[in-house]
Amino acid sequence: MKFKTAFYAALASLIAGASFAGGYVAPVVEQPVAVAQTRADVDWTGFYAGLQYGQGSLDASVPGVTVDAGDFDALGLHAGYLHDFGQFVLGGELDYNNVEHDDFDGSADLWRLRARAGYDMGKFQPYVTLGAARLSDEDAKETGLTYGIGADFLLTDSFSAGLEYSHADFSDIDGTNIDLDADMVQIRASYRF
């Protein structure tokens with residue numbers, strides 16, 4: 001009889017212990033986690049304007065002969081508008097560059113009007129450009145084709161910095177049968193409105 005009583009007592013204590021095993025547990029309060037800015041949080045739509053500085057090289061050619069025409073520095077201003085369609089960014093830009101040749105006195109004016117197509121990767125936007133360029137100095141003026149590739153990075157909601165390579169072809173400058181090719185790399189800084 002003692003054994004039976006001891007068995008029932010042990011069974012009752014196991015059942016009672018099991019009922020308290022899943023007892024009260026304090027709720028877990030999770031702290032909010034900062035979420036990295038994603039592409040959906042960045043909108044490149046709007047007007048922008050800024051400054052650029054670059055260096056480049058010139059090649060001059062007549063039929064059958066091409067020569068290195070030297071290097072140049074270019075300092076200028078740009079303004080444009082972009083529209084962010086979600087994944088793709090399209091727009092246009094007008095820029096002016098004061099071009100100074102390393103070996104000659106004087107300077108030339110380089111104006112460019114270009115279409116721009118980019119890919120929205122959040123704060124980073126690679127892009128391509130295509131448009132017209134107008135080169136003029138006191139001796140000659142010519143309009144040609146320009147194209148390029150570049151990338152902008154948003155430093156803040158209002159400021160971006162970028163790097164761009166561009167090429168321009170000027171054919172038969174002022175009817176002289178001389179073609180001029182210009183390659184240029186520029187750093188850019190823009191304020192976005």
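Some points to look at:
- 1.4 Å probe accessible area per residue over the stretch 38-193, in Å²: 53
- Cβ-defined net charge surrounding GLY92, 13 Å radius [Lys, Arg +1; Asp, Glu -1]: +1
- FRET efficiency estimate (nearest 0.05) - Cβ-Cβ, THR45 to ASP172, R0 30 angstrom: 0.15
- The stretch 68-138 - percent relative contact order, Cα under 8 Å, separation 6 or more: 27
- Ranked by how many other beta carbons lie within 10 Å on average, peptides 173-181, 52-60 from highest: 52-60, 173-181
- Altogether, the Stokes-Einstein calculation at 10 °C and 1.306 mPa s, with the Kirkwood radius of the stretch 131-177 over Cα pairs as Rh, returns a diffusion coefficient of 123 µm²/s.
The values are calculated or read from the model by the stated rules, or taken from the named source; none is laboratory data. Every value quoted in this text rests on a predicted model; they were computed, and no experiment measured them. Note that each Cβ is placed from the backbone with ideal geometry, even for glycine, and that neighbours are counted across all protein chains shown. Note: areas computed on protein heavy atoms with side chains; ligands, DNA, RNA excluded. Shrake-Rupley method; radii C 1.70, N 1.55, O 1.52, S 1.80 Å.
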